[in-house]
């Protein structure tokens, strides 16, 4: 009994405040590997680099999973409080997406190291766990928002997307699994199931993106640490383009040719317009981020929001390059990947330093973070 009491003590330590937002670092690292493995531009050594990064993300996922399990055993009160915190709870969606990102990487590049059979088996396990977890967060976190969380008029931020985007990532990983399934009803069911998850996540994301835009227009930005989360908006945009492209490419394996052709056309008719809005959002998010950096934006784990969403933009642009054959999309994918690499290196180094010093293990804010705009510019004409 004494040993059990010692194991479940809530005595504060640096790891006492290990939160689900840490899984965003797995997402951001894994997307560097998957985006690099599929980049429509040949770069010597890139595939080897992608393999090394994928392995690092897989190991980091394992380490974080063990640490999180230990956290729930040793600090159960703190761990449960994260689910009741209206800021932190949304980041429970990061864990399913971390599983799915590593699973996708196994199929795209990990098989070079572990073999295709093991890669497919690993991907199935991670896809199943990530899909179940993602569907749970997509339902449970909005339910808590509707019934329990105190939500202020200026509360909407990019983090609200985290629990509803995992099904979109499941659709992308599921599309990669379709070629490895036996021909028949199961393969067709997977195709339509991925389209259903695509729609689930897309419509929920569009609602939230509208709320984020409205909050910015009416109240302004909220807190320096939350400004990077504006980049999360890019996540469902880029990932949905990726899903439409992957499913369009695999449709001929599961449905009749006429329907498959339509799904392939949809990848372009949907992907190009959404890509245009994604470029607009990149410009807006960049301007707001630079504005905040000039005023002082201390490092926080929210900086990982600058990685995974940009990675989905790379993979989405890659799909458009494959479906349209346009060199412009190949160049855009390469440029975006270079930006992703630079941001990932910066954030990874800062995370490593902050983790060693313990500065990133802090309790989440309990009170709402208020948004504000700049004061009106004084008229000096007179």
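The values are calculated or read from the model by the stated rules, or taken from the named source; none is laboratory data. The structure displayed is predicted, hence computed values, not measured ones. All Cβ positions, glycine included, derive from the backbone under ideal geometry; neighbour counts span all protein chains shown.
Scanning the stretch 153-192 for residues that are out of contact with any helix residue (DSSP H, G or I) (no Cβ under 7 Å at 6 or more places or on another chain) and surrounded by 16 or more Cβ atoms within 10 Å (Cβ to Cβ) returns 155, 188. Against the test of being within 25 Å of residue 162 (Cβ to Cβ), assigned to a helix (DSSP H, G or I), without any contact (Cβ under 8 Å) to a residue 60 or more places away in the chain and over 18 Å from the mean Cα position of the chain (by Cα), the options 279, 265, 290 yield a single qualifying residue, 290. Taking residue 255 as the residue in question, decide whether it is at pLDDT 95 or above and either at positive phi or not in a helix (DSSP H, G or I) (or both). So residue 255 passes the test. Which of the residues belonging to the stretch 293-309 are outside any helix (DSSP H, G or I) and either touching a strand residue (DSSP E or B) at 6+ places or on another chain (Cβ under 6 Å) or modelled with pLDDT of 95 or more (or both)? Within the stretch 293-309, just 307 meets the criteria. Restricted to helices (runs of 4 or more DSSP H) entirely inside the stretch 66-144, those with at least 1 residues that are at pLDDT below 95 and either at positive phi or touching a helix residue (DSSP H, G or I) at 6+ places or on another chain (Cβ under 8 Å) (or both) are 76-84. Here residue 60 passes the criteria (1) more than 28 Å from residue 335 (Cβ to Cβ); (2) crowded, with 18+ Cβ neighbours inside 10 Å; (3) without any contact (Cβ under 8 Å) to a residue 40 or more places away in the chain except the one numbered (1). Hey, among 312, 318, which residue is under 19 Å from residue 166 (Cβ atoms), out of contact with any strand residue (DSSP E or B) (no Cβ under 7 Å at 6 or more places or on another chain), part of a helix (DSSP H, G or I) and at pLDDT 95 or above? 312 is the lone residue from the list that is under 19 Å from residue 166 (Cβ atoms), out of contact with any strand residue (DSSP E or B) (no Cβ under 7 Å at 6 or more places or on another chain), part of a helix (DSSP H, G or I) and at pLDDT 95 or above.
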